[in-house]
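Have a look at the structure below before the remarks.
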DNA sequence: CTGTTAGCGCGTTCAA
DNA sequence: TTGAACGCGCTAACAG
C-alpha cells in the first residue's frame, strides 16, 4: 500500500509537503503542488483514514443502535444515513436483538473512540446504565425522554393522539380501544393523558378492558387480536401506538375471517411502508424529519457550524381501515 | 483518555508489559500481570481500537452495501450482523439509494482500509467497475453472478421456480403469469429457463403478454397491477420474483376492490415479513442461510480458521393467496 | 514556502 | 521475564 512517504519520494519533496497539499493546510508552491499531485496520481495513492483518525482523535462516524430491523427503522435509517453522508459522516449500525449486553458493547464503541457519537433508536438497557456513556460523546434517541445528557427527537404524542382520537370521534366511533406501548415510555404516558382527557371531554365511556399495554415486541399486535377475538364486549375501533402492531393485529384477525373496517376499525401510528401496503389508516408525524433532527443534533454537538432543525407536524392519513 | 502508558506508570512496569497482558502474547510474570490488571481497573483504561487497527492493518469490520431499505434487507442484515458479531466483526452499512457514485464511495472504504471486506446486497454499478475493488479485499454479493473474484450466495432459482410452477399446476392453475426482475440478472435467466421448460413439459400455453419484466424498484408490483386491471385476457395467477412486488400488486388491486385469491392467485418469493403479514403464499429459500453463508465466505477469506457453509433448500409456504 | 521533528496509542522485535 | 526502541501512516508545530 502506497503511503505518504512514497509520494514524497516520487515527487522529490518531504512528506510534510505532501500532507499540506492533502489537507490544503498551509502554504505550498504551485510547482511542488503539481509535482505532488502527479506523483499521487502515478502511484495511485490512497490516504489511510485510520492513521488520520488516530492523529485527529475523530472518526467521523456515528453509531446507530437499534434492537432489530423493524419496519419503522428502514425509513428512519435511510434519512439518517443520507444526512450523515451529506455532512461527511459514516454510520455504524448495531442491531442488538434486544440483548442488553450487545447494547452495552455498542455503547462501548463510543468509549473506544470508534465512533464520535451514538444514536439509540430504542433503548434496551435502563437509562441509568446508558447515562454514563454520555461523557464520551453526544447521545441521541428516538425514545422520548427529557434529560439534559441525551437528545430526544420525540414528538409530543399527546397532541398527535388527541388529534387522532378526535378524528375517530368525528367518524362516529364511540367504543374506542387503545393499544399502548411500554408503560414506562414517556410517549405512552402522553397518550394516556390524551385519552383520559378525551374521554372526559367527550363524555365517552372508557372501558378499562380496552386499555391494553401491548408487549413492545414482535407479534404484540397478534396478541391483542387474540384477546379481541375471545372477548364479548368488543370495541368498534382500536387506536394503535404503531403501524407494525396494527398490521399484526389485522393480519391475525384476517386469519380467522374477520376484516377491517367491517368488524373492527383500526388506526395505526407511524405511516410506514407496511401501513401503506395494507391500507391501514394512520397518523404520520414525519419520521423523516425526526431522523434528520436526530442527526442534526449529533452533528451540532460535534462541530462548530450548526445544522438547522425542522418543525414536526402530525397528519392523518385516511386509508381503508376506518369507516 | 487513559493510555497504555498511564497504566504502565501506575503499575510500575513498561508499556510493553502492559501490552503483553492486553494481548496475552508473550511471557508475563503473574506478579506484574496482577499489578497491570489492577492499574487498568483503577484508571478505567480502555484500549484505543484505532491505534490497534493502524498497527495491525486490520479493522475487523465488514462493509455492507445495499441500495435502499427493502423488506428483504431486514432479515438478511440481521442474520449477517449476528454472525459478524459472534465472530468478532463489526458491520458498516452503506445505503446508496441506487446512486452509483455513492456505491463507489462505499467500495472505496475497502481501498482506504476502513473495512476488511465488503458485502454487496444488490449492485448498482456494472460488475466491471466493481471488479477492481476485489484486489483490496474479499467481496461477496447476494446477486447471482459466477466469477472467481466475488462470492455469490445465490440459490439456483431454476430449481425453486420450477418447484413453484409445478405447485401452481397441481393446484389447478393453467393460465400462469410471470413477473420477473431485471432481465440481465442471472436469476431472472434461470427463472426464464424454468418457465419455458415448464410450459413445454406440461403443455400449458405461455402467453407472452403475461411474461412481465417488472421494474426492479419500488412500486414495480403496482405497475403490474395496473396492467392487469386494464387487460382483457387475464391470467389466473401471477408468480412473482419477490414478496415485495407481490405485496405491492395485492395492495394496488385491493384499492379498486379486487381480491386474491378470488380474482387472481398470487405467489411471492422470499418469505419475508410482509408476505407473512399479508398472508401471501410464497417460497422460502432460507434467506438466513444465505446471509450466514455470505458472512462465512468473507470471514474465511480473512482468517485462518474456517466457518462452515450451510445447505440451502426451497420450501413452499402455503398461505392464503392461492386457491 | 519547505524540511525536520515530534507525537497520536499500540504491537512487536531485539537485547538483556 | 522484561524494557528500550522502532514502526504503523499521518498531521502539526517549529525552525529555517
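No lab work stands behind these numbers, since they all come straight from the coordinates. Remember, it's a predicted structure, so these values are computed and weren't measured experimentally. So basically every Cβ, Gly included, is an ideal-geometry build from the backbone, and we count neighbours across all protein chains shown.
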message = Springs between alpha-carbon pairs under 10 angstrom, Gaussian network model over chain B: which of B:210, B:127, B:142 fluctuates most?
response = B:127
request  = Report, as an integer, the average count of C-beta atoms from other chains found within 10 Å of each Cβ along A:271-280.
outcome  = 4
key: Alpha-carbon centroids, region B:247-323 and region A:27-63: separation in whole Å   = 45 Å
message = If you consider only alpha-carbon coordinates, what radius of gyration and Dmax does region A:221-323 have, in Å?
response = 17.7, 61
key: Where Rh is the Kirkwood radius over Cα pairs, Rg/Rh for region A:26-98   = 1.21
remark   = Length gained, residue A:166-residue A:147, 0.36 nm per residue minus C-alpha separation, equals 3.8 nm
Principal axis dimensions, largest first and in whole angstrom, of chain B by Cα = 87, 37, 32
ask   = Sorted from largest down, what three extents in whole angstroms do the Cα atoms of region A:266-323 have along their principal axes?
value = 51, 18, 11
key: More than 14 angstrom apart: percent of Cα pairs within region A:1-45   = 34 percent
message = Can I get the semi-axes of region A:10-147's equivalent ellipsoid? Compute them from the C-alpha gyration tensor as square roots of 5 times the eigenvalues, in angstrom, largest first.
response = 40, 16, 12
key: chain A: most fluctuating residue of A:44, A:88, A:117 per GNM, C-alpha cutoff 10 Å   = A:44
task = Sort the following peptides by mean Cβ neighbour count (other Cβ atoms within 10 Å, averaged over residues), highest first: A:165-176, B:302-313, A:272-283, B:26-37.
result = A:272-283, A:165-176, B:26-37, B:302-313
ask   = Angle between the Cα long axis of helix B:157-170 and the longest principal axis of chain B, 0 to 90 degrees, nearest 10?
value = 40 degrees
query = Averaged across the residues of B:111-122, what count of C-beta atoms belonging to other chains lies within 10 Å of each residue's C-beta?
reply = 2
remark   = Note to self, the protein assembly as shown gives a 222 nm [θ] from helices alone (DSSP H runs n ≥ 4, -39500 (n - 2.57) apiece, / all residues, nearest 500) of -14000 deg cm²/dmol
query = Across peptide B:93-103, how many C-beta atoms of other chains are within 10 Å of each residue C-beta, on average?
reply = 3
ask   = Tell me, what is the Rg over Rh of the protein assembly as shown, with Rh the Kirkwood radius over Cα pairs?
value = 1.01
ask   = Which peptide among B:293-300, A:8-15 comes first, and what is the full order, when sorted by highest mean count of other Cβ atoms within 10 Å?
value = B:293-300, A:8-15
query = If r is the Cβ-Cβ distance from residue B:3 to residue B:24 and R0 is 22 Å, what FRET efficiency results, to the nearest 0.05?
reply = 0.70
ask   = Taking one equal scatterer on every alpha-carbon of region B:114-169, how large is log10 of I(q)/I(0) by Debye at q = 0.23 1/Å?
value = -0.87
Region B:138-166 residues near the modelled residue B:300 label - backbone nitrogen below 19 Å, point 7 Å along Cα→Cβ = B:138-156
query = Of all the C-alpha pairs in region B:157-285, what % are more than 17 Å from each other?
reply = 52 percent
inquiry  = Viscosity 0.890 mPa s, temperature 25 °C: what is the translational diffusion coefficient of region B:238-294 from Stokes-Einstein with a Kirkwood Rh over Cα pairs, rounded to a whole number of µm²/s?
reply    = 210 µm²/s
query = Where is the GNM fluctuation largest for chain A (alpha-carbon springs, 10 angstrom cutoff): A:150, A:264, A:43?
reply = A:43
